[in-house]
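Coordinate-derived values only; no laboratory data. A quick note: this is a predicted structure, and the numbers were derived from the prediction, not measured. Note that we place each Cβ from the backbone using ideal geometry, even for glycine, and neighbour counts take in every protein chain shown.
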C-alpha cells in the first residue's frame, strides 16, 4: 500500500531512456496551451526559451543575464546585479508547472518537464500516468456484493484517495507553500467570490481651448497622443477638466491581474469593482481585497485603527507612518527623474469591521502596488515573509511594511522593513 502512495506522489518512471526531442516539444506545446500557463505570456516565453536551449544542447548558456535579456527584454549593457526578475520568473514557472501536473491533462501526461530549484536548465523525464498507476495497483475483488467485499473496496478506494491527496499536497509541500496556503485559506474555502476593489484616480483632461492653443504651437503631424505645449500664463483652472471612473493606474492593473489570475488557477472566482462604486454594504460579511492606497477610499477609511497607515502630505504626496513608534517611510516627489524606490504595506485583517477577511496590498506609488500584487500571488515570496512572523499569525491581524527597489521602471522583489501582529 505504501508503494502505491509513493508512486502516486510522483508518477515518474525510473530513469532510463530519455524522451525524444519531438516528444518533449509536443508535451511543451500542451503545457504552454494549458490554463496553468495561458494567463502569463512571460512564463510561456521563459519555459519555451529554456526548453529550446536545452534541446539544442545549449544548457550552459542558460545564465540569469542571458534570460533577463532574451526573455525579459533587459538592456544588455545595464547592471543586472540587483534585478530579481529572472529568479521571480523561474519561481512562477515552477509553480505553474506544479499546477499543470495535478490537472487531469497533466496527470495523464507521459513526459514531465521540470525546472529544478537553483537551476535554469529544465529536466525531461518519462512518467507513468496517474490513472494507469491506480488501475494496475487496485486489488482484485470478486463480484459478490457482500459486506466484506464492500469493506475491501472502501479500503482500496481510501488508499487511492490518500495517494491522490499525497500527490496534490506534494505540490505544496514546502514550508513557504504551506504558509501561503494558510494566508489564503479563508478566501479559497469560502463559498462566496472574493470582492476586489481597484482604485480609480481622478485624471485631469485639458480643455478644448487648451488643445487648440497647443495645436497652434506645434507643427502638424507627429506622435498622437502627445503632451500639450502651451505657455503656463495662457492656462487657468478652467482648462483642467476632472474625469472620474474611467482610468486605472498601471500598477493597480498589474496587481489586480496577478491576484485574480492566481485565484482563478485555484478555481476561485472574483468580482472586480471600482472602489468608488463599492459601498460598505457590499463588503459586509464578504471577503474583500483592496488594491491601492490614496486613490482607494476604503483603504484610507478602514486603516484608521491599524498601526501602519498611509498619510497624505501635500509636499511629499503620500507617506507610510508607524503610529506606535512615530516612524515614517516616504518617497520624495521627483519631477524629472525616474523613481528608484517605493514602500509597500500588506495588511491581512480577519477581525475587520466588515465582519469578514479584509486584505490590502498598496504602495506609495504604482511600483509598490504592482510589487504587492506580485508578492501576494507568489507562494515563494509571500511564504518566505510569513515564515518570519510569530506562530499563530494566521489567526490574528497582520501588517507588513516592505521596501522595493525600482530598476528600469520595474519593481524588484520586496524586502521586509517592519511587521505587526495583534
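Computed values, structure above
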| item | result |
| --- | --- |
| Distance between modelled label sites at residue 59 and residue 108, nm, 7 Å Cα→Cβ extension | 3.0 nm |
| Ordering of 202-214, 63-75 by burial proxy (mean other Cβ atoms within 10 Å per residue, highest first) | 63-75, 202-214 |
| Pair residue 422, residue 29: separation of 7 Å Cα→Cβ label points (nm) | 5.8 nm |
| Two-site FRET efficiency, residue 123 against residue 77, from Cβ-Cβ distance with R₀ of 41 Å, rounded to 0.05 | 0.80 |
| Highest average packing first - 280-289, 352-361, Cβ atoms within 10 Å | 352-361, 280-289 |
| Dimensions in Å of segment 277-361 - Rg and Dmax from alpha carbons | 14.3, 45 |
| Stretch gain in nm, segment residue 325-residue 193, where the contour uses 0.36 nm per residue and the Cα spacing is subtracted | 43.8 nm |
| Nearest-0.05 FRET efficiency for residue 38 and residue 247, computed from C-beta distance (R0 41 Å) | 0.95 |
| Cα-projected label distance for residue 174 with residue 391, points at 7 Å along beta-carbon direction, nm | 2.4 nm |
